[in-house]
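Let me begin by presenting the structure, written as C-alpha cells, before commenting on it.
The values are calculated or read from the model by the stated rules, or taken from the named source; none is laboratory data. Because the structure is predicted, anything quoted here is derived from the model rather than measured. Positions of Cβ are backbone-derived with ideal geometry, glycine not excepted, and every protein chain shown enters the neighbour counts.
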Amino acid sequence: MHGLRILGAAAVLLFLVAAFTPLANVLNIRMAGTARLEPSDAIVVMGRGGADGDGVLTNRSLRRLLRGVSLYREGLAPILVLSGTKVETRSRLELARGLGVPETAILTTHEGLTTKQEAAELSQLLQPLGRRRILLVADPIDMPRARSLVERAGFVVHPAPTAASGPSGPESRLGLVRDIAIELTALGYYRLTGAL
Amino acid sequence: MELLVIVGLVALTSVGAYIVGTRILALERVTLRLALGEALECLGLTVVFLIVNLAAGLTSIFGFRALTGRFVSVYWLNDVSLAVLSLLQALVFHRWWRPTK
C-alpha cells in the first residue's frame, strides 16, 4: 500500500510537470535537432497516423504535408515524396495537388506501415532515380528514429522537422509527453531488435 | 496564464469543497489526510492497471503479427480511453479491496 501511494504521488508529480511546465517543449526541441533546409534531390514527407475513416488526414499527417508543400514551394527540391499508408498517401496526394504541387512533381511510396518499412520503400523508389540527398519532413520527436532509419537506407538526410517549439496548452503538452514516451519506447525497441 | 486560470480554479473549488465538508457535512478534518492517502493509492493502482493493459496489448499485437503475418499497429494502444478505463478499473478494485471503513 505504501508503494502504491508513492506510485500515485509520482503519477501526480509527473502529471503536473508534464502539463504545467515547458518540459515537453524542451524535449521536443532537443529531439528535433537542427533543421538543415538545404537544396536537395527530394522532399520526403513521412507518414504519421494515417487518415480517419472518412479519408481526412490526422493533425500530424496534415502538418507534415503542409511543411513538405511549403518546402517544395520554396524550391528546395524538384519532387515531393509522400510516404505512409495507402489511405494516407492517397489523401495527401489529393491535398498536395489542390495546394498547387504539379502531379508530375509528386511521387508516392507503395505502402509503409512502420518507419522501417517506409525507409525501405523510399530506398526502392528514390535510389534507382539517383536521388540520395533528401529533406526529411517528420515531427520533431520522430526525427531521431526516422533520420537514423533513412540514413541507414543509404540517404543523406537534411532534417526538416515540423514546428519544433511544440504546444503551449496543458492538454496538448500532456499529449506530447505521451507521444515522446511512445517514441522513446519505439526507439528502444528498434535498438533492441537491431533495426537501428 | 492558462496555468494560473486552471490551477486557480481548482484551488478555489477545493477550498469551497473543504468549507462544505467541514461546515455543512460535518466531516472531520483529520480524515482528509487519510482520504488523500487513499486517493494516491487509487492513482498508484491506475498506473499498475495501465502498465498491465499496455503490456497485454503489446503482447497481443506482437503475437497476432507473428501468428498471422498481418500488420496491426501498436498505435492502437495510443488512446486516452485506455487511461480512463484503467482509472475505472483501479477505482472498482480499490473499493473492492479496501471497502469503506
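Tabulated data for the structure shown
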read-out: Some residue of the range A:102-113 being in contact (Cβ under 8 Å) with a residue 60 or more places away in the chain, part of a helix (DSSP H, G or I) and under 23 Å from A:Leu187 (Cα atoms); value: no
read-out: Residues satisfying the stated conditions in the range B:21-46, i.e. over 15 Å from A:His2 (Cβ atoms) and facing chain A (nearest Cβ under 9 Å); value: B:Thr46
read-out: Unique residue being out of contact with any strand residue (DSSP E or B) (no Cβ under 6 Å at 6 or more places or on another chain), at pLDDT below 95 and within 14 Å of chain B (Cβ to nearest Cβ) when the list is A:Arg48, A:Arg30, A:Arg63; value: A:Arg48
read-out: Residue count for the range A:24-50, restricted to those that are within 15 Å of the chain's Cα centre (by Cα), part of a loop (DSSP other than H, G, I, E, B), farther than 27 Å from A:Val87 by Cα and not polar (S, T, N, Q); value: 2
read-out: Failed item, numbered, when A:Thr109 is tested on (1) out of contact with any Lys or Arg (no Cβ under 7 Å at 6 or more places or on another chain); (2) modelled with pLDDT of 95 or more; value: (2)
read-out: Residue count, the range A:45-59 (criterion: surrounded by 14 or more Cβ atoms within 10 Å (Cβ to Cβ) and out of contact with any Phe, Trp or Tyr (no Cβ under 8 Å at 6 or more places or on another chain)); value: 8
read-out: Among the residues listed as B:Thr46, B:Thr59, B:Thr22, the single one being in a helix (DSSP H, G or I) and touching a residue at least 24 places away in the same chain (Cβ under 8 Å); value: B:Thr46
read-out: The range A:106-121: number of residues that are out of contact with any strand residue (DSSP E or B) (no Cβ under 6 Å at 6 or more places or on another chain) and aliphatic (A, V, I, L, M); value: 3
read-out: Subset tally (residues that are surrounded by 20 or more Cβ atoms within 10 Å (Cβ to Cβ) and either without any contact (Cβ under 8 Å) to a residue 60 or more places away in the chain or part of a loop (DSSP other than H, G, I, E, B) (or both)) for the range A:126-144; value: 3
read-out: Filtered residues of the range A:137-172 (kept if polar (S, T, N, Q) and either under 18 Å from A:Arg63 (Cα atoms) or within 14 Å of chain B (Cβ to nearest Cβ) (or both)); value: A:Thr162, A:Ser165, A:Ser168, A:Ser172
read-out: Failed item in (1) surrounded by fewer than 17 Cβ atoms within 10 Å (Cβ to Cβ); (2) farther than 16 Å from A:Leu57 by Cβ, with A:Ile79 passing the rest; value: (1)
read-out: Selection status of B:Val84, closer than 22 Å to A:Ile182 by Cβ, more than 9 Å from every other protein chain (Cβ to nearest Cβ) and at pLDDT 90 or above; value: yes
